[in-house]
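Undergrad: Shown below is the structure under consideration.
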Amino acid sequence: MKFKSYIITAAACLALASCSDDFMKDMKNYQSTTPEAYNYPEGANGRLQDLYMLALPYHYNGAFPYQYPSSGEADDMAKSTEEYSGFGSFVDPQIELTALSNTNGVLDFFQGQANKIRNSAWGRIRDINDFINGVTASSLSEEYKSEYLGQAYFLRAWSYYLMFRWYGGLPLVTEVIDPVPQTGTPRSTTKETYDFIMKDLDMAATLLEGKVAGRNNYQYGRPTVATILALKGRMMVLYASPLFNRANDKSRWTDAYNFFQQAIPTINQYGNYLAYENNPGTNASNWAKMFIEGASEANPEALWFAQYNTIASGGTPDYSKNNLWENGIRPSNSFGGGGKTPSAAMVDLFPMKDGKRPSSYNSYTVLNPSDIAYNKDLPFLDRDPRFYRTFSFPGVCWAFEGDGVNADRHYPYEGPNYQLWNYVWYTKAEDRANVESGDTYGPDGLLGNVKGMYVRKKTDDLHVLSGYRYAFSQGNGFKFSAAPNIEMRYTEVVLNYAEAACQAGHPDVAVEQLKKVRSRVGYTGDCGLQANLASDEAACMAAILYERQIEFAYEGKRFDDLRRWMLFDGGQGKVSGAPSTWTLTGWGGNTCTYLGFEPLNNNIRRENMEFCVQDKYNGGLGEDKWGSNGQNPDPLANVERCAAIDYRNELEPQLATLAEWYSTYLERKTKKGDSYNSDHQQLYMNFRPNYYFPGLSYGAMIANPTIEQTIGWDNVANGGAAGTFDPLAEPID
């Protein structure tokens with residue numbers, strides 16, 4: 001590629017952790033590798049570890065959007081969905097993103113830091129190309145070449161995929177960039193880019209055929225043919241979706257359907273399948289367990305993932321790589337980071353225990369509502385089994401291994417007996433009726449660091465898996481966690497297959513895939529799926545998207561689904577300068593109408609929720625701290641609590657008891673989530689139509705001034721002229 005590049009000066013052995021300890025300790029910065037080093041397995045493998053360090057799907061931390069996919073954090077993408085409140089940049093109604101400045105600039109998924117090759121999207125591709133060229137020209141045996149090159153072609157395809165899903169057409173580069181500024185390589189069409197990625201995946205699959213990548217040994221975590229086929233299937237479904245397929249060319253869906261029919265048996269042969277199929281455990285405990293199972297269990301659900309370790313940072317060399325998710329979701333009185341707050345909208349839209357949407361949820365209306373009445377004041381009653389493994393609320397056990405007792409901070413529970421009681425009270429009566437008030441306090445040492453609800457998804461729960469993966473201490477909490485981050489899991493393959501089957505005219509096949517997913521969490525018979533799904537394409541597709549929303553909640557997948565199905569506005573928005581081919585003509589011209597989905601634009605506010613002490617108990621008021629004489633600030637301090645929900649036991653009787661306690665002492669209160677304007681008027685999500693294909697950022701255009709800007713965005717390198725690149729244009733033969 002002839003993008004701007006820079007001479008590489010880094011040559012230290014600065015290792016980062018990844019999979020098993022052996023794999024991890026090989027992951028070093030080998031950027032000073034000479035061509036001769038590729039002639040030796042040790043040198044080539046060392047360079048490959050460096051590529052993994054840059055390409056594995058670690059949790060996205062917001063630093064370099066191009067590098068990692070969203071993974072469940074409250075980032076810009078997740079805050080542009082139903083999952084979290086607070087306007088992400090893509091849906092902020094008061095700020096329009098621009099490519100003309102870094103101020104309110106569109107996020108950069110294309111460039112990274114142009115002057116730091118290890119922090120650059122194209123620097124990563126440069127390194128992969130260097131590896132491919134070096135190994136190809138080396139004197140290594142054909143066996144070594146196949147093993148190493150197969151992995152490298154996958155990593156290049158993965159790196160391109162991360163940009164393709166945003167921009168469509170990209171510069172296609174297979175050579176190593178010279179470290180001098182040259183004429184920029186132009187963007188290829190979307191179809192050419194798609195074909196390039198698919199060709200790399202096919203090459204990777206051919207080279208790695210028969211290699212299981214060392215399940216249960218030091219190579220666990222490298223891509224296998226199963227990983228490659230899973231990404232290929234994801235690409236095919238993305239390319240067939242309304243975002244890229246405005247006229248609904250059915251041949252794309254048919255190609256995807258035929259692919260999955262052939263690919264899934266092969267994926268199974270490589271050791272990946274639906275974990276715990278037809279074996280939910282107690283209250284979906286096995287479903288919860290699979291998120292934290294790793295190398296020792298050879299997790300069949302995990303297809304592409306990053307592993308971590310419990311090593312503290314600061315060693316020489318520094319092999320520390322810790323997964324901070326567990327620390328982030330745990331409440332402060334368990335020595336966690338304070339917790340993540342799900343929106344009330346997300347809590348309220350989860351299915352009822354019969355598998356159907358709550359009647360109060362006004363989306364996917366082509367699906368039948370539940371006959372079970374949803375009680376918003378007691379939202380934990382009668383819900384889908386995954387509800388209890390996705391959220392935590394007042395009155396549940398959330399066990400961990402460690403000493404959680406701290407008298408000075410009034411933390412009363414040993415880790416194995418930890419209970420979450422996060423109801424709230426206020427110090428002033430006027431705050432009880434004020435949804436904007438943050439003057440709330442919680443019991444058991446939570447005080448001002450209390451959340452009304454907590455995200456529980458992917459937790460390392462001692463009641464689920466006794467072989468916990470963190471090194472707990474009161475000083476560091478759960479910061480040193482080795483739980484994996486699974487970016488692609490087998491369930492996605494199943495649901496991608498269902499989507500392709502539905503759209504290719506085989507809804508009966510799609511329904512069977514939905515049943516497989518639901519039976520894994522305890523559904524039986526028809527699994528709560530209405531009878532007409534096998535004959536009604538729109539209802540079947542709505543069921544698939546709803547299932548994805550629940551199954552993949554807080555895994556970073558929802559924003560991609562909203563974009564590719566254009567569910568912010570149903571595809572009705574018009575982009576300035578866009579040709580007629582951008583008009584959605586498939587799916588009746590409106591995906592939201594087709595699905596019975598309420599467009600997110602201008603219709604939804606993501607509020608938060610909490611359970612406050614009823615006013616008959618000291619007016620619902622307490623203090624903001626413990627008294628000097630040991631006085632408890634909790635207005636319910638002298639009230640006996642019921643037993644906290646223990647998910648190892650039968651659920652229904654426990655829920656009934658908890659509901660009675662709530663009804664006696666607590667009430668649900670709305671708390672402000674999305675912001676208000678300066679007049680305290682409610683604001684609503686506004687995803688502008690040009691955001692479906694983001695423009696190249698200001699920094700990317702300045703660094704590469706000859707590249708075409710996307711239609712709908714201004715080109716700062718061309719005096720602010722309108723963008724000209726059409727991601728929906730077909731190549732000219």
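Undergrad: Taking residue 641, is it at pLDDT 95 or above, within 29 Å of residue 530 (Cα to Cα) and surrounded by 15 or more Cβ atoms within 10 Å (Cβ to Cβ)?
TA: No; evaluated as a whole, the condition is false for this residue.
Undergrad: Cβ-Cβ distance below 8 Å, separation of 6 or more or different chains: which pairs start in the stretch 505-531 with a residue that is without any contact (Cβ under 8 Å) to a residue 60 or more places away in the chain and end on one that is part of a loop (DSSP other than H, G, I, E, B) and hydrophobic (A, V, I, L, M, F, W, C)?
TA: If the second residue must be part of a loop (DSSP other than H, G, I, E, B) and hydrophobic (A, V, I, L, M, F, W, C), the pairs left are 511/529; 514/527; 514/529; 515/527; 515/529.
Undergrad: Tell me whether the stretch 254-269 contains one or more residues that are out of contact with any Lys or Arg (no Cβ under 6 Å at 6 or more places or on another chain), within 20 Å of residue 223 (Cβ to Cβ) and small (Gly, Ala, Ser). I'd like the intermediate steps shown before the answer.
TA: Applying the first criterion (out of contact with any Lys or Arg (no Cβ under 6 Å at 6 or more places or on another chain)) to the stretch 254-269 yields 254-269.
This time we only want the ones that are within 20 Å of residue 223 (Cβ to Cβ), so: 259-260, 262-269.
Okay, now just the ones that are also small (Gly, Ala, Ser), so 263.
Within the stretch 254-269 (the criterion being out of contact with any Lys or Arg (no Cβ under 6 Å at 6 or more places or on another chain), within 20 Å of residue 223 (Cβ to Cβ) and small (Gly, Ala, Ser)), the answer is yes, since at least one residue qualifies.
Undergrad: Would the stretch 670-684 turn up any residue that is among the small types (Gly, Ala, Ser), under 28 Å from residue 610 (Cβ atoms) and at pLDDT 95 or above?
TA: yes
Undergrad: Looking only at the stretch 291-323, which residues are over 20 Å from residue 472 (Cα atoms), surrounded by 22 or more Cβ atoms within 10 Å (Cβ to Cβ) and either of a type in the set (D, E, K, R) or without any contact (Cβ under 8 Å) to a residue 60 or more places away in the chain (or both)?
TA: Matches in the stretch 291-323: 301 only.
Undergrad: Out of the residues in the stretch 683-695 meeting the condition of being touching a Lys or Arg at 6+ places or on another chain (Cβ under 9 Å) and more than 20 Å from residue 583 (Cβ to Cβ), tell me which one is surrounded by the most Cβ atoms within 10 Å (Cβ to Cβ).
TA: Within the stretch 683-695, the match that is surrounded by the most Cβ atoms within 10 Å (Cβ to Cβ) is 685.
Undergrad: I'd like the residue in the stretch 611-656 that is among the acidic types (Asp, Glu) and within 38 Å of the chain's Cα centre (by Cα) and, out of all such residues, is farthest from residue 282 (Cα to Cα).
TA: Here the answer is 624.
Undergrad: Same structure again: Where residues in the stretch 396-441 are hydrophobic (A, V, I, L, M, F, W, C) and not in a loop (DSSP other than H, G, I, E, B), which of them is farthest from residue 341 (Cα to Cα)?
TA: In the first step, residues of the stretch 396-441 are kept if they are hydrophobic (A, V, I, L, M, F, W, C); the result is 396-400, 405, 407, 420-421, 424-425, 429, 433, 435.
Checking the rest, the ones that are also not in a loop (DSSP other than H, G, I, E, B) come to 396-397, 407, 420, 424-425, 429.
On the way: 396: 16, 397: 18, 407: 27, 420: 14, 424: 14, 425: 18, 429: 24 Å.
Among residues in the stretch 396-441 that are hydrophobic (A, V, I, L, M, F, W, C) and not in a loop (DSSP other than H, G, I, E, B), the one farthest from residue 341 (Cα to Cα) is 407.
Undergrad: Are there any helices (runs of 4 or more DSSP H) wholly within the stretch 527-619 with 2 or more residues that are closer than 30 Å to residue 725 by Cα and among the polar types (S, T, N, Q), and if so which? Walk me through how you get there before you give the answer.
TA: Values: elements: 537-551, 558-564, 591-595.
Here the list reads 591-595.
Undergrad: Kindly list the number of the only condition in (1) under 30 Å from residue 190 (Cα atoms); (2) charged (D, E, K, R); (3) assigned to a helix (DSSP H, G or I) that fails for residue 246.
TA: Condition not satisfied by residue 246: (3).
Undergrad: Failed condition for residue 319, given (1) modelled with pLDDT of 95 or more; (2) out of contact with any strand residue (DSSP E or B) (no Cβ under 9 Å at 6 or more places or on another chain), with all others met?
TA: Only one criterion is unmet by residue 319, namely (1).
The values are calculated or read from the model by the stated rules, or taken from the named source; none is laboratory data. Worth saying up front: this structure is predicted, and the values here are computed from it rather than measured. Neighbour counts are summed over all protein chains in view; Cβ atoms, including those assigned to glycine, are modelled from backbone coordinates with ideal geometry.
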